[in-house]
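These notes concern the structure reproduced below.
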Amino acid sequence: RVGVKEEMIGYFPKPYENEVIYSLIARYHCHVNNLSKYETIKDLFMSKKCNIDIDYVSNLDVLADKLKHFSMSLNEIYFLEKHTSAPFYFPFVKGDDVNEFVRCLSTFYRYRKKMNFSMLEKENLFYCPKCMEEQFEFFGEGYWDRIHQAPGVLVCVKHHIPLVKHPINLIKYKKQE
């Protein structure tokens, strides 16, 4: 970004397999013990405003720039492919639009609300109690799995049990602040 002084950060949590970007940001927030979400947004995105959805965050390019000293593989495409639901939607996009989305995955998120997908996005986070138990045993903490957040997925694909819906509606919460 022109005129914005990039600042490196000294810590960022290791992304877990299939962890949604929202979860990574939440873990960062807890690990660094920021008092407000605005501190976290400023740390990671150098802005007071950032669109943060369950599985997408605007300004991923800024975050990637702040993380490049940890690893060059922590780039915008990595986050979009491994920590968002974009790859789940591509098989359902018709015609030439697929090529455009593949060239720049972030474009998909800007326009997905205008697309007429038959599945509605989930407004709450979902989790599998058994997966959560395994995560705490193995990692010492839990995280939000992107497969559990995918529209239409109501059962854990690993344990074959119903997912539990977190009580906070993130869409309504975001609007009410």
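Odds and ends about this structure:
- Of the cross-linked pairs 37/122; 42/130; 82/122, those separated by over 25 Å at the C-alpha level are 42/130.
- Built amide H within the under 5 Å cut-off of residue 164, gap 5+: 127, 128
- Sorting the segments 45-53, 24-32, 68-76 by their residues' average number of neighbouring beta-carbon atoms within 10 angstrom, most packed first, yields 24-32, 45-53, 68-76.
- Sequence-ordered 3J(HN,Hα) estimates for the stretch 160-166 from the Karplus curve with 6.51, -1.76 and 1.60 and θ = phi - 60° stand at 6, 10, x, 6, 9, 8, 5 Hz, glycine and proline given as x.
- With θ taken as phi - 60° and the Karplus curve 6.51 cos²θ - 1.76 cosθ + 1.60 applied, the whole-hertz 3J(HN,Hα) list for the stretch 57-67 is 9, 6, 6, 4, 4, 5, 4, 4, 4, 6, 9 Hz, x standing for glycine and proline.
- In order along the stretch 124-132, the phi-based Karplus estimate (6.51 cos²θ - 1.76 cosθ + 1.60, θ = phi - 60°) of 3J(HN,Hα) comes to 10, 7, 10, 8, 9, x, 6, 4, 4 Hz; Gly and Pro are listed as x.
Every read-out reported here was derived from the displayed coordinates using simple, explicitly stated rules and does not represent laboratory data. Since the structure is predicted, the reported quantities are computational estimates derived from the model, not experimental observations. Every residue, glycine as well, gets a Cβ built from its backbone with ideal geometry; the counts of neighbours run over all protein chains shown.
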